[in-house]
Amino acid sequence: MHPTVNIAVRAARAAGDVILRYHNQVDLLTIENKSINDFVSEVDKTAEKAIINEIKKAFPKHSILAEESGEILGDNNFQWIIDPLDGTTNYLHGFPQYAVSIALLENQIPTHAVIYDPFKEELFTASKGEGAYLNDERIRVTMSNGLEDTLIGTGFPFKHPQHLDCYLETFKAIHPHVSGIRRAGAAALDLAYLAAGRLDGFWEIGLNKWDMAAGALLVKEAGGFIGDFSGRDQYMETGNVVAGNADVFKVLLKKIHPHLSEDLQR
Ligand code: IPD
Ligand code: CA
Ligand code: CA
């Protein structure tokens, strides 16, 4: 494992300890509503502090973009992107599908990624050019051709209700052609599962950088494709994302595109 990934793993495990410490007592947590359907608890904040602390110890000059703390300025050539708890709504309901997501971008390009599910003890890691791994075993995207027999992941735009109608049109376009569609509630894990061949494809509207940065590298290093709604690589900017193995990626784009409102074309 690359030494930088080792640091990120240490940080993710520190956050995982915080997450597991409280997972049976979520009713005792103080929960704030950041915006519509967007919750944060002291677990998110404490886990994020634990991650930043480990990263700062090893790389004091690097800059950081973390969901709860925002931007921490430093050397812009190296930026850590952190989601301390992806799947907060699941976590707050005791639904065990959530993870820590950490990525390093070098000159804007993701080079190292860690997604850690502390409940299932699943650690997904990737470094650019070195493949993707689940608990040290190499993982790859599926080989499926077309949508027949595929299992596709998605997310509902519950934080962006203005896109719901448009989203439902894309859903209707995909639904008849696949074996199943899953909305598991943690985008970072959706992308990690795609990398691990548990899903064949994925699409979602309105994600944030911290939901996707680590998962995007995992998908690519597992042989998959990820892009915005026009198939280009602006997904970190637009927040709109499609991913899959080569063929599923192409077919999903074709199914989704005709149903997009103008502001969602990218
Ligand atoms: C959310 C999850 C969810 C996705 C939302 C994200 P959070 O992240 O990834 O699956 O549908 O758009 O915001 O708020 O739990 O870190
Ligand atoms: Ca998230
Ligand atoms: Ca989060």
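Overview of results
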read-out: The chain, accessible surface, carbon-and-sulfur percent (1.4 angstrom probe); value: 50 percent
read-out: Per residue accessible area in Å² of the range 3-139, where ligands, DNA and RNA are left out and the probe is 1.4 Å; value: 47 Å²
read-out: At 1.306 mPa s and 10 °C, Stokes diffusion of the range 1-152 via Kirkwood alpha-carbon radius, µm² per second; value: 97 µm²/s
read-out: Net charge contributed by nearby residues that have their C-beta within less than 9 Å of Y98 (K/R +1, D/E -1); value: -2
read-out: Theoretical ellipticity at 222 nm over the chain - DSSP helices of four or more residues, -39500 (n - 2.57) apiece, nearest 500; value: -10500 deg cm²/dmol
read-out: Per residue solvent-accessible surface (Å²) - the range 176-243, probe of 1.4 Å; value: 29 Å²
read-out: Normalised per residue, the volume of the convex hull around the Cα set of the chain (Å³); value: 115 Å³
read-out: In degrees, nearest ten, helix 246-256 long axis to first principal axis of the chain (Cα); value: 70 degrees
read-out: Cβ-derived FRET efficiency at R0 22 Å, N53 paired with N77, nearest 0.05; value: 0.50
read-out: Selected from D117, D233, D27 as most flexible by GNM, with the chain as the system and alpha-carbon contacts under 10 Å; value: D27
read-out: Nearest-ten-degree value, helix 164-174 long axis tilted from longest Cα axis of the chain; value: 60 degrees
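The values are calculated or read from the model by the stated rules, or taken from the named source; none is laboratory data. It should be emphasised that the depicted structure is a prediction, and the values quoted were computed from it without experimental measurement. Here Cβ is always computed from backbone atoms with ideal geometry, including for glycine, and neighbour counts include all displayed protein chains. Keep in mind that these areas ignore ligands, DNA and RNA; they rest on the heavy atoms of the full protein, side chains included. Shrake-Rupley method; radii C 1.70, N 1.55, O 1.52, S 1.80 Å.
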